[in-house]
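Enquirer: I'd like to ask you about the structure that follows.
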Amino acid sequence: MNVSRSAGRVSASWLIVITAFAAALGLWAGTRLFGTPPQPELQGTLLYPAPRALPDFSLQKSDGGTLTPADWKGRWTVVFFGFTNCPDVCPTTMAKMKQVWNTLAAEGLADRVRFDFISVDPERDTPEHLARYVGFFSKDFVAATGSDEELTRLTRSLGLVYFREPAKDGHYNVDHSASLVIIDPGGRQAGLVQPPIDAGKLGADLRTLAATR
Ligand code: NI
């Protein structure tokens, strides 16, 4: 995701900003309206008042397997949607995810937390390409992608958006939400971490969440 002067890019970027704002407002309003059930004190993670069920989905993992909602049960899962040709936001976010993962794994929390990268650019992000890209950050990260139908349904349900822009000289950019999705061990969306991602806060939040269940 980056900034551009063209009208299409600007409106797409604004829609992402507005969607992120609406998600934050929804979290805030939900907390105000429904009261706050006992929730852990978190530094950078916005938790929904109640976890949200996910739609059914089936994505292709880079190792040839299938990623379904069942895979997001049993641990706290951090999900990031992006694309491997992304020049800025994705590599930066992936580097922070790597940093947090290495810290938590060293603390013995590797079986309580997991990190997934889902590409919203299935045409270019082949399984081989995805495996190489994500493996550069961590061999423990799961990488997957899928059809636009699956990706659109899943991202919309999670409160995220992405836009594949028209190709120029054979190249194209994909504008995408830069938030991280937090899935609870029950396989439900617990909340969001909005950019800019702070690795220290994310690590602290995951440590706290992992201690709750
Ligand atoms: Ni990106």
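The values are calculated or read from the model by the stated rules, or taken from the named source; none is laboratory data. All of these numbers come straight from a predicted model, not from anything done at the bench. Every residue, glycine as well, gets a Cβ built from its backbone with ideal geometry; the counts of neighbours run over all protein chains shown. Keep in mind that these areas ignore ligands, DNA and RNA; they rest on the heavy atoms of the full protein, side chains included. Shrake-Rupley method; radii C 1.70, N 1.55, O 1.52, S 1.80 Å.
Enquirer: Working out 0.36 nm times the residue gap between residue 85 and residue 17, then minus their Cα-Cα distance, what length gain in nm do you get to one decimal?
Expert: Result for the pair: 22.4 nm of gain on full extension.
Enquirer: Further, regarding this structure: Probe of 1.4 angstrom, ligands and nucleic acids ignored: what's the accessible area per residue over the chain, in square angstrom?
Expert: For the chain, the solvent-accessible area averages 49 Å² per residue.
Enquirer: What residue among 111, 198, 125 shows peak mean-square fluctuation when the chain is described by a Gaussian network model with Cα springs under 10 Å?
Expert: Result: 111 has the largest fluctuation of those listed.
Enquirer: Additional query: How about residue 73: which aspartates and glutamates have a C-alpha closer than 15 Å to its C-alpha, ignoring those fewer than 8 places off in the same chain?
Expert: 56, 111, 116, 184
Enquirer: Let me have the 222 nm mean residue ellipticity of the chain computed from DSSP H runs of 4+ only, each contributing -39500 (n - 2.57), with the sum over all residues rounded to the nearest 500.
Expert: Calculated from helices alone, the mean residue ellipticity at 222 nm is -13000 deg cm²/dmol.
Enquirer: Further, regarding this structure: Taking H placed 1.01 Å from N in the peptide plane, check which residues at least 5 places from residue 114 or on another chain put their amide H under 5 Å from its amide H.
Expert: 76, 77, 78
Enquirer: Once R0 is set to 25 Å, what does the formula 1/(1 + (r/R0)^6) return for the Cβ-Cβ distance between residue 95 and residue 58, expressed as a FRET efficiency to the nearest 0.05?
Expert: Given R0 = 25 Å and the Cβ-Cβ separation, E is 0.30.
Enquirer: Long-range amide H contacts for residue 43: which residues qualify at under 5 Å (H placed 1.01 Å from N, peptide plane, sequence gap of 5 or more or a different chain)?
Expert: When sequence neighbours closer than 5 places are left aside, the close amide H contacts are 205.
Enquirer: Show the residues, 5+ positions off or on another chain, whose built amide H is closer than 5 Å to the amide H of residue 66.
Expert: Residues meeting the amide H criterion: 61.
Enquirer: Any idea what the relative contact order of the chain is, in percent, if you count C-alpha pairs under 8 Å spaced at least 6 apart?
Expert: For the chain, the relative contact order is 33 percent.
Enquirer: Two decimals is fine: what's Rg over Rh for the range 78-145, C-alpha atoms, Kirkwood radius as Rh?
Expert: 0.97
Enquirer: I need the phi-derived Karplus couplings for the range 133-145: 6.51 cos²θ - 1.76 cosθ + 1.60, θ = phi - 60°, integer Hz, Gly and Pro marked x.
Expert: The phi angles translate into 5, 5, x, 4, 8, 7, 5, 8, 6, 8, 10, 7, 8 Hz.
Enquirer: Taking θ = phi - 60°, what integer Hz values does the Karplus form 6.51 cos²θ - 1.76 cosθ + 1.60 yield along the range 192-205, in sequence order, with x for Gly and Pro?
Expert: Values, residue by residue: 9, 10, 8, x, x, 6, 9, 4, x, 5, 4, x, 5, 5 Hz.
Enquirer: Another question, if that's okay. Expected output is a single nm value to one decimal: the length gained when fully extending between residue 157 and residue 211, i.e. 0.36 nm times separation in residues minus the C-alpha distance. What is it?
Expert: Full extension from residue 157 to residue 211 adds 16.7 nm.
Enquirer: About the Cα centre, and with charges only on the beta carbon of Lys, Arg (+1) and Asp, Glu (-1), how big is the dipole of the chain? Nearest 20 debye, please.
Expert: Using Cβ point charges on Lys, Arg, Asp and Glu, the chain gives about 460 debye.
Enquirer: I'd like the carbon and sulfur percentage of the solvent accessible area for the chain, probe radius 1.4 Å, heavy atoms only, ligands and nucleic acids excluded.
Expert: 57
Enquirer: Could you give me the ³J(HN,Hα) list for the range 172-185, computed from phi with Karplus coefficients 6.51, -1.76, 1.60 and θ = phi - 60°, whole Hz, x at Gly and Pro?
Expert: 9, 10, 10, 7, 8, 4, 9, 6, 9, 9, 9, 9, 7, x
Enquirer: Quick check: convex hull of the Cα atoms in the range 3-210, volume per residue, rounded to a whole Å³?
Expert: Dividing the Cα hull volume of the range 3-210 by its residues yields 117 Å³.
Enquirer: I've got another one for you. Using Cα centres only, tell me the gap between the range 72-123 and the range 172-187 in whole Å.
Expert: Spelled out, the Cα-based centre of one part sits 10 Å from the other.
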